[in-house]
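What follows is one structure encoded as structure tokens, with my remarks underneath.
The values are calculated or read from the model by the stated rules, or taken from the named source; none is laboratory data. Bear in mind the structure is a predicted one, so any value in this text is a computation, not a measurement. Ideal geometry is used to build each Cβ from the backbone, glycine not excepted, and the neighbour counts take in all protein chains shown.
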Amino acid sequence: MQDAKATANNAPRPPTVRFAPSPNGLLHVGHARSALLNARFARDHGGAFLLRIEDIDLTRARPEFEAAIFEDLAWLGLEWSAPVRRQSEHFADYEAALADLTRLELVYPAFLSRAEAAERVRDAEAAGRPWPRDPDGAPHYPGSDRTLSSAQRRRRIEDGEPHAWRLDMRAALAGLGAPLSWEEAGAGPRGETGLIAADPAAWGDVVLARRDVPTSYHLAVTVDDAIQGITDVIRGQDLFAATSVHRLIQQLLGLPAPRYRHHGLVLDKDGRKLSKSDGATSIASLREKGATPADIIRMAGLEPEPQA
């Protein structure tokens, strides 16, 4: 992680931003909004616009969707700096970060399956005991594995028992010297801006490495932003609360904290955020129906720019 730590932004410099889609479906108008905001910010401030392919989910990532990402962005008139970083090519970086946290005794192997964890939550709630849920509404992991001894953990792992690696949130927070916060230059879902107090405890013991993949979204995106020297993270408000987890991981690993600029989402006619499962809102589908780049830009809530 030494290279990542060396990217600390101690002196003003042109910004570096990134658009980081997952190749598990076609881009929609909401993706266009985020990509355009990143690209325009980089251009207006003399910075760099990077494209990252977040393909750690190897079961859902498809080369045809990655190709479509490049095609859609180029059709919109966007250009990005080379090379493109593909997360699937950098698992060693995430494994190194996880090893650092393991040495700090801040992670533990979690052996409960999703079904087993869900059953414990149902039993507790049926008995009238409220169960904590994260900002996305998912119940916290029960955390019973947290108390296993080193010998018990090692034996179960050596026996080949499937497991994920989770952050011991209580241990991680206990070692912090001061409350965490981040600089918000955009706005949260309720208009939050300025210095935002982070609340990683709201997420419980988050997954840092999955059973089938040596990382998770939270760990990979935090490590990538540091390695790539991202100065400003421009992304949708649906990830505002997750910033608390990313700030905690940055603090634990000694990584620099970028500025965050969360933007409003593009919603459908029913007020819900767009989904890749709704092919009607994909850029490719709209293009096939005759939409122009200017049309998509307007649908994304932005104004087309005069052609040079």
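The figures follow:
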item	result
Wholly enclosed helices (runs of 4 or more DSSP H) of the range 1-118 bearing at least 2 residues crowded, with 19+ Cβ neighbours inside 10 Å and free of Cβ contacts under 8 Å to residues at least 60 places away in the same chain	29-44, 63-75
Considering residues of the range 136-151 that are more than 24 Å from Tyr94 (Cα to Cα) and surrounded by 13 or more Cβ atoms within 10 Å (Cβ to Cβ) only, the residue nearest to the chain's Cα centre (by Cα)	Pro139
Which numbered condition Lys269 misses (of (1) at pLDDT below 95; (2) assigned to a helix (DSSP H, G or I); (3) closer than 20 Å to Leu302 by Cβ)	(2)
Extreme residue, surrounded by the most Cβ atoms within 10 Å (Cβ to Cβ), among residues of the range 260-282 that are touching a residue at least 24 places away in the same chain (Cβ under 8 Å) and over 28 Å from Thr222 (Cα atoms)	Thr281
Single residue of Ala241, Ala257 found to be closer than 22 Å to Arg52 by Cβ, touching a Phe, Trp or Tyr at 6+ places or on another chain (Cβ under 7 Å) and outside any helix (DSSP H, G or I)	Ala257
Any hit, the range 218-231, residues being among the hydrophobic types (A, V, I, L, M, F, W, C) and over 14 Å from the mean Cα position of the chain (by Cα)	yes
Exclusive hit being among the hydrophobic types (A, V, I, L, M, F, W, C) and crowded, with 19+ Cβ neighbours inside 10 Å, set Leu255, Leu239	Leu255
Residue under evaluation Ala164, criteria (1) at pLDDT below 95; (2) surrounded by 14 or more Cβ atoms within 10 Å (Cβ to Cβ), criterion not met	(1)
Residue that is nearest to the chain's Cα centre (by Cα), among those in the range 188-217 that are part of a helix (DSSP H, G or I) and surrounded by 19 or more Cβ atoms within 10 Å (Cβ to Cβ)	Tyr217
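Results for (1) in a loop (DSSP other than H, G, I, E, B); (2) exposed (fewer than 15 other Cβ atoms within 10 Å of the Cβ); (3) modelled with pLDDT of 95 or more; (4) on the phi < 0 side of the Ramachandran plot, shown as yes or no for each residue.
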position: Leu219; (1), (2), (3), (4): no, no, yes, yes
position: Val223; (1), (2), (3), (4): no, no, yes, yes
position: Gly229; (1), (2), (3), (4): yes, no, yes, no
position: Glu305; (1), (2), (3), (4): yes, yes, no, yes
